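FYI, it's all coordinate maths here, none of it is from the lab. Just so you know, these numbers come straight off a predicted model, no measurement behind them. Note that each Cβ is placed from the backbone with ideal geometry, even for glycine, and that neighbours are counted across all protein chains shown.
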Protein chains: 2
Amino acid sequence: MYRLSLYYRNLQRLKANQIATVSSAALAKAAGVKPTQLRKDLTYFGQFGTRGLGYDVEALSRKLTEALGTARLQPVILAGAGNLGAALVHYGGFAKEGFEIIAAFDADPRRAAELRVPLLRMNALHAFVADRGVKMAILAVPATAAQAVVNELVAAGIMGILNFSPTLLQVPDGVVVNNVDLALELENLSYFIR
Amino acid sequence: MYRLSLYYRNLQRLKANQIATVSSAALAKAAGVKPTQLRKDLTYFGQFGTRGLGYDVEALSRKLTEALGTARLQPVILAGAGNLGAALVHYGGFAKEGFEIIAAFDADPRRAAELRVPLLRMNALHAFVADRGVKMAILAVPATAAQAVVNELVAAGIMGILNFSPTLLQVPDGVVVNNVDLALELENLSYFIR
DNA sequence: AATTGTGAATTGATTCACAGCT
DNA sequence: AGCTGTGAATCAATTCACAATT
């Protein structure tokens with residue numbers, strides 16, 4: 001659930017500010033949703049609040065960590081070390097939320113210098129993934145190569161793919177794909193203007 | 001509507017392959033939706049198909065161009081020329097869908113060399129936007145600066161913002177924000193694995 | 001025979017309204 | 001008095017089922 005992560009993020013801020021307790025109204029406002037929705041979302045996992053008071057920031061935060069399975073730093077690999085891929089390696093936002101890109105893979109390992117993670121050949125993929133227990137990959141290769149690379153990722157044991165190429169990927173059951181289609185987002189935006 | 005752009009994209013491919021006519025079943029499959037949904041989506045604008053035959057690729061494509069207001073090359077500016085911003089300037093996917101990043105703005109104009117568009121100071125924003133009739137901006141600044149920059153963008157006349165910073169932006173009515181929260185996407189993905 | 005267009009049915013998500021705790 | 005938890009109501013999106021058209 002998308003929104004849980006959002007709540008979690010805002011709880012971290014409250015915690016950092018030493019705030020011990022928060023109402024559904026306040027937290028919902030920070031996350032940009034309605035209070036009832038937040039409460040519904042939370043009760044899907046159990047009851048965490050105290051009536052008349054609100055939610056204990058620390059306790060709720062712990063529960064969400066658990067629910068989200070964000071307990072530990074998740075290792076992620078990058079497939080495709082082009083412009084976008086390289087930028088994603090440097091992007092600070094992932095680390096902040098508990099993800100670390102631990103290696104990049106590319107058919108052509110030239111830009112190694114600019115990256116700050118090991119850049120490996122695709123043929124090292126299988127061993128690396130098995131060895132490090134990696135479950136997730138970020139896919140930032142050209143659309144033409146996307147499906148072929150996905151097949152390799154899946155064969156290597158990757159279970160979740162964050163896909164930046166504007167293609168409909170074919171994956172077996174059990175493998176999850178999350179698409180981020182940048183051009184589509186812009187197009188959508190332009191549609192809603194005027 | 002998100003899916004319209006998707007249909008449009010696939011129609012372009014068909015057109016490139018000289019295919020004159022397509023059924024809702026075929027186009028829906030390519031776009032990853034159900035045929036009925038595609039038909040519902042299309043009839044929201046009018047009736048374009050011929051029963052027993054399908055849709056004329058050329059005609060439908062034209063209708064969608066019109067409906068999407070994608071008539072042609074929309075100029076976009078970039079606010080924030082850090083890693084992510086720079087990568088977005090180089091990202092080929094935008095141009096392919098009819099968007100061109102025509103300038104970047106940053107408080108600190110140092111990385112100009114790496115960019116292939118003019119890198120301007122924020123104080124040049126207002127004049128530039130007015131002059132070139134820019135309606136859309138991509139926001140790729142640190143979260144802490146996001147709201148301040150948005151305020152400037154809005155003041156300059158920007159009506160649509162593609163926001164890459166993990167923040168809930170405050171904008172006046174009529175201004176549209178589309179959020180792309182990369183860390184959230186990864187987190188969401190990790191939630192759906194196992 | 002094939003395939004669209006669409007009202008009706010279904011499913012899903014959000015919001016309301018208020019009872020129940022503290 | 002304040003605020004959560006939740007069944008019921010509402011609203012939105014998707015899918016079904018089939019008549020209409022070429």
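Odds and ends about this structure:
- Taking amide H positions as modeled 1.01 Å from N, with prolines and chain starts lacking one, the residues under 5 Å from B:Ile101 and 5 or more places away or on another chain are B:Val76.
- Contact order for chain A, expressed relative to its length and based on alpha carbon pairs under 8 Å spaced 6+ residues apart, stands at 14 percent.
- Spatial separation of Cα centroids for region A:66-130 and region B:153-194, in angstrom: 23 Å
- Other protein chain Cβ atoms within 10 Å, averaged over every residue that makes up A:79-92: 4
- Neighbouring partner chain Cβ atoms per residue of B:136-148, average, 10 Å criterion: 1
- The GluC sites (Glu not before Pro) of region B:69-143 that DSSP puts in a loop, and whose beta carbon has at most 13 other beta carbons within 10 Å, are B:Glu114.
- For B:Ile102 and B:Val177, a Förster radius of 30 Å and the Cβ-Cβ distance give a FRET efficiency of 0.90, rounded to the nearest 0.05.
- Taking all Cα pairs closer than 8 Å and separated by 6 or more residues, the relative contact order of region A:1-81 comes to 33 percent.
- The relative contact order of region A:74-186 comes to 24 percent, based on Cα pairs under 8 Å that sit 6 or more residues apart.
- Distance between the 7 Å Cα→Cβ label points at B:Arg194 and B:Phe45: 4.5 nm.
- Residue ranges A:150-159, B:16-25 sort as A:150-159, B:16-25 when ordered by packing (mean number of other C-beta atoms within 10 Å per residue, highest first).
- Amide proton proximity set for B:Thr21, modelled H, under 5 Å, gap of 5+: B:Val57
- Within region A:61-99, the trypsin sites (Lys or Arg not before Pro) that combine a DSSP coil assignment with at most 12 other C-beta atoms in a 10 angstrom radius are A:Arg72.
- Annotation for region A:113-183: trypsin sites (Lys or Arg not before Pro) lying in DSSP loop with at most 12 further Cβ atoms inside 10 Å of their Cβ are A:Arg116, A:Arg121.
- Charging the Cβ of each Asp and Glu at -1 and of each Lys and Arg at +1, and nothing else, the dipole of chain A about its Cα centre rounds to 820 debye.
- Backbone N atoms of region A:47-70 closer than 16 Å to the 7 Å Cα→Cβ label point of B:Ala143 belong to residues A:61, A:65.
- Packing around the peptides B:167-174, A:140-147, A:79-86, taken as the average count of other Cβ atoms within 10 Å per residue, puts them in this order, highest first: A:79-86, A:140-147, B:167-174.
- Distances between placed amide hydrogens fall under 5 Å for B:Val176 paired with B:Gly160, B:Ile161, all partners being 5 or more residues away or on another chain.
- Residue-averaged [θ]222 nm for the protein assembly as shown, counting only DSSP H segments that reach four residues, each worth -39500 (n - 2.57): -13500 deg cm²/dmol
- The distance between label points at B:Thr36 and A:Gln170 comes to 2.6 nm (points 7 Å beyond Cα on the Cα→Cβ vector).
- Positive-end extreme of charge dipole, chain A - chosen from A:Ala104, A:Val171, A:Ser190 (charges on Cβ): A:Ser190
- Average beta carbon contacts from partner chains per residue of B:155-166, 10 Å cutoff: 3
- The label-point distance for B:Ala124 and B:Lys29, in a model that sets each label 7 Å from Cα toward Cβ, rounds to 5.2 nm.
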